[in-house]
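The values are calculated or read from the model by the stated rules, or taken from the named source; none is laboratory data. What you see is a predicted model; the values in this text were computed from it and never measured. Using ideal geometry, Cβ is built from the backbone for each residue, glycine included, and neighbour counts are taken over all protein chains shown. The accessibility values were calculated without ligands, DNA or RNA, using every heavy atom of the protein model including side chains. Shrake-Rupley method; radii C 1.70, N 1.55, O 1.52, S 1.80 Å.
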Amino acid sequence: MTYCVGLTGGIGSGKSAASARFEALGAAVVDTDEISRELTAPAGAAIEEIRRQFGADVVAADGGLDRARMRRLVFGNAAARRKLEAILHPLIRARTRAAITAAAQPYVIVVVPLLVETGACAELVQRVLVVDCTEEEQVRRTMARSGLSAGEVREIMATQLQRAERLRRADDVLANDGDLPALHRQVAQLHAKYLGLARAA
């Protein structure tokens, strides 16, 4: 199996910026959020089962998942969230595994936002890399990107693992409170480290 690093972090921490830099340096990147979006797009592989389990109301006019409606449905409803995860996670895991197998690069960055919360795809990675920043920075970035209010962002953060616990589970940490060049310098150091680990594996 190709050497894999699971990249995770809280909302707004900078996972996309970090994974893009790893990819630019020559790592393969498999993003489970992108896979999830493909599965729930119009004619996506998960749509019919989601319609069967949750009803036609959660399917938008274009045939894809109505994300806003589904978010409201599962937010704070653990049973509904588990039902959705039971549909999506096996499909995401299978596609992630296939993408890892197909990768020709020396190692793979597997982006899994809830890696430490749910253990999703944990069996596919050899190390856990956490992208970290202050909670204030998470709120600021997410508001700027999504148009959500500070309260809404903090509600989402409350459903994710506490920052200290996420850091405790990390093998490596990318501190992303600074600017992009600072992040890129850290990624370059980790890239060299992961090339060595992949060679030794």
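For the range 12-21, state whether one or more residues are touching a helix residue (DSSP H, G or I) at 6+ places or on another chain (Cβ under 8 Å), open to solvent by 30 Å² or more (accessible area, probe 1.4 Å) and over 29 Å from residue 173 (Cα atoms). Even if it seems obvious, please write down each step before you answer.
Filtering the range 12-21 down to residues touching a helix residue (DSSP H, G or I) at 6+ places or on another chain (Cβ under 8 Å) leaves 12-14, 17-18, 21.
Imposing the further condition that a residue be open to solvent by 30 Å² or more (accessible area, probe 1.4 Å) reduces the set to 17, 21.
In the following step, the residues that additionally are over 29 Å from residue 173 (Cα atoms) were identified as none.
No, because not a single residue in the range 12-21 is touching a helix residue (DSSP H, G or I) at 6+ places or on another chain (Cβ under 8 Å), open to solvent by 30 Å² or more (accessible area, probe 1.4 Å) and over 29 Å from residue 173 (Cα atoms).
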Assuming residue 133 fulfils every condition listed in (1) modelled with pLDDT of 90 or more; (2) of a type outside the set (Val, Ile, Thr); (3) open to solvent by 50 Å² or more (accessible area, probe 1.4 Å); (4) closer than 30 Å to residue 68 by Cβ apart from one, which condition is it?
(3)
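State all residues of the range 51-86 that are of a type in the set (Phe, Trp, Tyr) and either touching a strand residue (DSSP E or B) at 6+ places or on another chain (Cβ under 6 Å) or within 24 Å of residue 154 (Cα to Cα) (or both); if no residue qualifies, say none. Give the steps one after another, and end with the answer.
First, the residues of the range 51-86 that are of a type in the set (Phe, Trp, Tyr): 54, 75.
The one that is of a type in the set (Phe, Trp, Tyr) and either touching a strand residue (DSSP E or B) at 6+ places or on another chain (Cβ under 6 Å) or within 24 Å of residue 154 (Cα to Cα) (or both): 75.
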Can you find even one residue in the range 46-68 that is surrounded by 15 or more Cβ atoms within 10 Å (Cβ to Cβ), within 29 Å of residue 168 (Cα to Cα) and more than 19 Å from the chain's Cα centre (by Cα)?
no
Filter the range 134-163 down to the residues that are without any contact (Cβ under 8 Å) to a residue 12 or more places away in the chain and under 17 Å from residue 114 (Cβ atoms) and list them by number.
158, 162
Residue list for the range 79-90, restricted to those being open to solvent by 40 Å² or more (accessible area, probe 1.4 Å) and either over 24 Å from residue 31 (Cβ atoms) or modelled with pLDDT of 95 or more (or both):
79
So, in the range 108-124, how many residues would count as being under 15 Å from residue 19 (Cβ atoms) and open to solvent by 20 Å² or more (accessible area, probe 1.4 Å)?
1
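How many of the residues making up the range 114-170 are of a type in the set (A, V, I, L, M, F, W, C), in a loop (DSSP other than H, G, I, E, B) and over 24 Å from residue 87 (Cβ atoms)?
Selection size over the range 114-170: 3.
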How many residues, within the range 22-45, are surrounded by 19 or more Cβ atoms within 10 Å (Cβ to Cβ) and either over 17 Å from residue 87 (Cβ atoms) or of a type in the set (Asp, Glu) (or both)?
6
Whichever residue in the range 54-82 is of a type outside the set (Gly, Ala, Ser) and touching a helix residue (DSSP H, G or I) at 6+ places or on another chain (Cβ under 6 Å) and, among such residues, is nearest to residue 122 (Cα to Cα)
81
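Would you mind finding the one in 173, 187 that is touching a residue at least 60 places away in the same chain (Cβ under 8 Å) and either among the aliphatic types (A, V, I, L, M) or not in a helix (DSSP H, G or I) (or both)? Give the derivation first.
Details: 173 fails: touching a residue at least 60 places away in the same chain (Cβ under 8 Å).
Result: 187 is the single residue among 173, 187 that is touching a residue at least 60 places away in the same chain (Cβ under 8 Å) and either among the aliphatic types (A, V, I, L, M) or not in a helix (DSSP H, G or I) (or both).
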